[in-house]
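Please see the structure below; I have some questions.
The values are calculated or read from the model by the stated rules, or taken from the named source; none is laboratory data. This one's a predicted model, so the numbers in the text were calculated from it and none came from an experiment. Quick reminder, even Gly has a Cβ in these numbers, built from the backbone with ideal geometry, and neighbours come from all protein chains shown.
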Amino acid sequence: MASKKRFSYKAKLFSVVNVFFWILVFVFVSIQYSREREYKVELLDTRLQVYNNILLNEYAETGQLTNDAVNRLIPNKNIRVTLLDTKGNVLFESHNSSKIANHLNRPEIKNAIEHGHGYTIRRLSQVKDHEFFYSASARGNAIVRTALPYNVELSAVLSSDMAYIWIVLGATLIVNIILYFAISRISLGVKALHDIANRARNGKIEDFNTDELSDDELGDAARSIFAIYKELQDRTAERDRSMQEALFEEKEKMRIKHQLTSNINHELKTPVQSIRGCFETLLDNELPKETERHLMESGYQSAMRLSNLLEDVTLITRITDAKATLPICPVNVKDVIDGICEEVAQYKPENRMRIHVDVADNVAVEGNRQLIDAIFRNLINNAIAYSGGRDIYISAIEENSGYYKFDFYDNGSGIEAKHLDKIFERFYRIDTGRSRKSGGTGLGLSIVRNAVMFHSGEITARNHKYAGLEFLFTLKKTQNRIQ
């Protein structure tokens, strides 16, 4: 089935306006033509009435009309002259001597009797068998009628001036041309709207050039629609991007939870089996006091490791899944470090390291005190457990309007470069046997990284240029004074 032909907005608008304009022109020309013809008819009637009055004067003076008088008074020999009384009887006919019928019912005679004068255009003469233009004038008991043959010459005289009509038509064509270009200009805005809609449907609106739009209301409307569509497009893209990021984040959380659950199950087996083995041995056997104490100490260490693991799992879960439950307040970093140092001083000599702190008393960050404590505590415990060094150095090395930058390193042996990118992963161990023997949970450095990120900071690890492992991290400054 053939598709229905569609006309553009410009074609429709031009057609409607053009038809309306031509109708107005036609009506105007018709009225003007009719008025001009009436004017010429009245002008001719006026001229003939002049002759009628001259002849009426002649009749009033002489009491009669003759052909000699008519020829003398009227220079145009084609004009017929008829003299009648008020009853319509013909008293004289210049071009006919035979008896003529009563003229009382003739239109021009009736009008002359009623109004003093009258005329008739193109009525067929019963005497001459020609069409004439009749003009009659009445005075007293006499009526004079003059008649001019309606021939080609008279028709041309009474017709309208064609030059005027041609001028009007020419002016109309010029106006049409101007109208076409004006409508073309107006339709640019509509065309732009149509173009925007098509480009939006085809997803190619980025190629649209708004500089080509007209500087009018339609152009402004097109620009507004373009801006609204672009904004909606950007919002949609941003929404899709956010949804993709949220979906990826949710999948990543599920993956991490699954991995965490799997790792926790694996990590729980060792202390649980150790505790179970110790108690089974104690219950099933009579053992010396020293052996019983050794088994109880071993079970206690496994229980402590299990407790530490559960605490670390709880903390890292709160950081990742329950951030809103962690209160935020100004935290004095020096106080936190000093508190940890006092606890480390109580460790056994083989588990102690010298801690050198270069942090001013007024260094305060905006954060959660438990997490700030976890950052420094886990870094210190990690150095004590694995570095093999004797000294730890903590300093605030840089400050700007928003953050403090901290440097933490030890003078131990450091680690191989291949492990630097992985030590923040959960349950990642460089030396599995040594880590478990030291009582580590495998979550310490992962807690450190997540706690730093919770405070909108960043952390990196590297081997110190002299010795040991070095951590550089930032924490957000507080804008409030600590009470």
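Quick one: which of L169, L124, L173 is out of contact with any Leu (no Cβ under 9 Å at 6 or more places or on another chain), outside the structural domain of D85 (by TED's automatic domain parsing), surrounded by fewer than 18 Cβ atoms within 10 Å (Cβ to Cβ) and modelled with pLDDT under 80?
L169
Being of a type in the set (F, W, Y), at pLDDT 85 or above and assigned to a strand (DSSP E or B) is the requirement here; does F376 meet it?
No.
If you check A383, A374, A345, which single one turns out to be among the hydrophobic types (A, V, I, L, M, F, W, C) and over 26 Å from F427 (Cβ atoms)?
After ruling out the rest, the residue left standing is A345.
For N285, state whether it is within 30 Å of H356 (Cα to Cα) and either modelled with pLDDT under 80 or not assigned by TED's automatic domain parsing to the domain that holds N381 (or both).
Here the answer is no, as N285 does not meet what is asked.
Taking into account only those residues within region 410-424 that are assigned to a loop (DSSP other than H, G, I, E, B) and touching a strand residue (DSSP E or B) at 6+ places or on another chain (Cβ under 8 Å), which is surrounded by the fewest Cβ atoms within 10 Å (Cβ to Cβ)?
In this case the residue turns out to be L420.
Please determine whether any residue of region 349-358 is in contact with a Gly (Cβ under 9 Å, 6 or more places away or on another chain), in a strand (DSSP E or B), assigned by TED's automatic domain parsing to the domain that holds G468 and crowded, with 19+ Cβ neighbours inside 10 Å.
No, the conditions are met nowhere in region 349-358.
Do we find that R426 is closer than 30 Å to N362 by Cβ and of a type in the set (K, R) in this structure?
Considered against the rule, which asks whether it is closer than 30 Å to N362 by Cβ and of a type in the set (K, R), R426 comes out as no.
Residue under question is D68, and the condition is that it be exposed (fewer than 14 other Cβ atoms within 10 Å of the Cβ) and assigned by TED's automatic domain parsing to the domain that holds Y119; does it hold?
Answer is yes for this residue.
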